[in-house]
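The block underneath contains the structure these notes are about, expressed in structure tokens.
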Amino acid sequence: MQVRVAAVNNTDIWTREGAYGLPGDPNAKAGWRGPIRFPRVQGGDIAGVIAEVGSGIDTDRVGQRVVVDPALYRDDTRDAPPVGLLGSEADGGFAEFVTVNAEQAHDVTESPLSDEQLAALPVAYGTATGMLERAAITAGDTVVVTGASGGVGLALVQLAAARGVKVIAVSSGGKAAEVLAAGASHAVDRNAEDLAEQIDRYSPGGVDAVADVAGGPLIAQLMPLIHDDGRWVIAGAVAGPVVDFDLRRLYLHNISLIGSSMHTRDHFVTLVEAARSGTVHPVIAARYPLDDLATAQDQFTRSRHVGKLIVTVG
Ligand SMILES: NC(=O)c1ccc[n+]([C@@H]2O[C@H](COP(=O)([O-])OP(=O)(O)OC[C@H]3O[C@@H](n4cnc5c(N)ncnc54)[C@H](OP(=O)(O)O)[C@@H]3O)[C@@H](O)[C@H]2O)c1
């Protein structure tokens, strides 16, 4: 297919740096599933048009506007976990053309979203959907979202708020207005000394869940805020991958600790349906031509933006 727009994710940076560690060696250079084969074209977020189809695929699909599910799944079942990702275990979208399986290219001809908005969805909104589904976060819940100004975090804020969830967003103080505009009920500065007390004031009986992409010291700070039978769902570790926390705060309250990697086929279909109906509203922070990909990744790591950094290709 012909790539029109791609987008930048932390996953691209960590894959390039080999920042995922290995079992027993957290400092080992590795991709998220272990060794990476080179050369490799990165880019897990892709929106574009089908340029050509392989044998057995309906030729009417040529010219179709599509958004790509970047996950490579363990097996053919609808709820199979991802075991690979475009841009990591196969070539991705930082290119003019990319080859994907026909089932990964979802028809979004009728979507009112722009190509840039479509390209903002797969990794960030897919991961956020996976987290909300795996932690069974539903209307009426109160949920703390960490890294709330980032790609996955802002998607969590928007998708959770759209489900009728009360969101307490944790971000840098200067980004509070944007996370509130995305649907958070409250915004808390992650550097505030009274972070836990503030969250406790916003949710006096305890929170139902924490949707976490930061990890690090926030786990020890925020775990005691979850009430009995609550959930901690984690999909990232920007604040530190190796942590110390009091296990008693987990088991004495029957809290579920849920690791969440991307999404399933069914989760992704939910997201595509939202894209087709225009009920999801990705925020674009800035755009760069493919030739300036290095600048886009550099700006990404500076973390001054809110929302997605887009890479325009065609
Ligand atoms: N499991 C999966 O399938 C999956 C998929 C995609 C991404 N991820 C992971 O999820 C994490 C977020 O990815 P992303 O693409 O959303 O990155 P991102 O856009 O950079 O968002 C991360 C956010 O975390 C905040 N942050 C930075 N340092 C922090 C710290 N020390 N403590 C607390 N918050 C901090 C930043 O916002 P503020 O400065 O405003 O706080 C930033 O906006 C990464 O670890 C990534 O590898 C996992």
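Couple of notes before you dig in:
- Among the residues making up the range 296-314, a single one is more than 28 Å from ALA177 (Cα to Cα) and buried (at least 21 other Cβ atoms within 10 Å of the Cβ): VAL313.
- Among the residues making up the range 267-295, those that are part of a strand (DSSP E or B), crowded, with 17+ Cβ neighbours inside 10 Å and not β-branched (Val, Ile, Thr) are ALA285, TYR288.
- Residue match in the range 10-22 (condition: away from the ligand (no atom under 16 Å from the Cβ), within 20 Å of the chain's Cα centre (by Cα) and surrounded by 15 or more Cβ atoms within 10 Å (Cβ to Cβ)): no
- Within the range 238-279, being out of contact with any Lys or Arg (no Cβ under 6 Å at 6 or more places or on another chain), more than 16 Å from the ligand (Cβ to nearest atom) and within 22 Å of ASP208 (Cα to Cα) holds for ASP246, LEU247, ARG248, ARG249, LEU250, TYR251, LEU252, HIS253, ASN254, ILE255.
- Some residue of the range 24-33 being within 16 Å of the chain's Cα centre (by Cα) and within 13 Å of the ligand (Cβ to nearest atom): yes
- Residue in the range 125-137 that is away from the ligand (no atom under 14 Å from the Cβ), surrounded by fewer than 19 Cβ atoms within 10 Å (Cβ to Cβ) and within 14 Å of VAL233 (Cα to Cα) present: yes
- Selection status of ASP246, of a type in the set (Asp, Glu) and within 21 Å of ALA148 (Cβ to Cβ): no
- A count restricted to the range 176-196 and to residues that are charged (D, E, K, R) and either touching a helix residue (DSSP H, G or I) at 6+ places or on another chain (Cβ under 6 Å) or crowded, with 24+ Cβ neighbours inside 10 Å (or both) stands at 1.
- Pair list, Cβ under 9 Å, 6 or more apart: the range 220-231 residue closer than 15 Å to THR146 by Cβ and touching a residue at least 60 places away in the same chain (Cβ under 8 Å), other residue in a strand (DSSP E or B) and small (Gly, Ala, Ser): ARG231/ALA209; ARG231/ALA211; ARG231/SER256
- Candidate set from the range 156-172 (those that are within 8 Å of the ligand (Cβ to nearest atom) and not in a loop (DSSP other than H, G, I, E, B)); member that is surrounded by the fewest Cβ atoms within 10 Å (Cβ to Cβ): SER171
- Residues that are touching a residue at least 40 places away in the same chain (Cβ under 8 Å) and farther than 24 Å from ALA296 by Cα, drawn from the range 21-51: GLY21, PRO26, ARG33, ILE50, ALA51
- Among the residues listed as THR77, THR59, THR99, the single one being more than 16 Å from the ligand (Cβ to nearest atom), within 26 Å of ARG134 (Cβ to Cβ), over 20 Å from the mean Cα position of the chain (by Cα) and among the hydroxyl-bearing types (Ser, Thr, Tyr): THR77
- Filtering the range 138-150 to residues that are surrounded by 19 or more Cβ atoms within 10 Å (Cβ to Cβ), more than 16 Å from the ligand (Cβ to nearest atom) and in a loop (DSSP other than H, G, I, E, B) leaves only ASP141.
- Residue check for GLY153: in contact (Cβ under 8 Å) with a residue 24 or more places away in the chain, under 30 Å from ILE226 (Cα atoms) and either assigned by TED's automatic domain parsing to the domain that holds TYR73 or within 16 Å of the ligand (Cβ to nearest atom) (or both): yes
- The number of residues in the range 67-83 being more than 30 Å from SER114 (Cβ to Cβ) and among the β-branched types (Val, Ile, Thr) comes to 2.
The values are calculated or read from the model by the stated rules, or taken from the named source; none is laboratory data. Since the model is a prediction, treat every value here as computed from it, not as a measurement. Ideal geometry is used to build each Cβ from the backbone, glycine not excepted, and the neighbour counts take in all protein chains shown.
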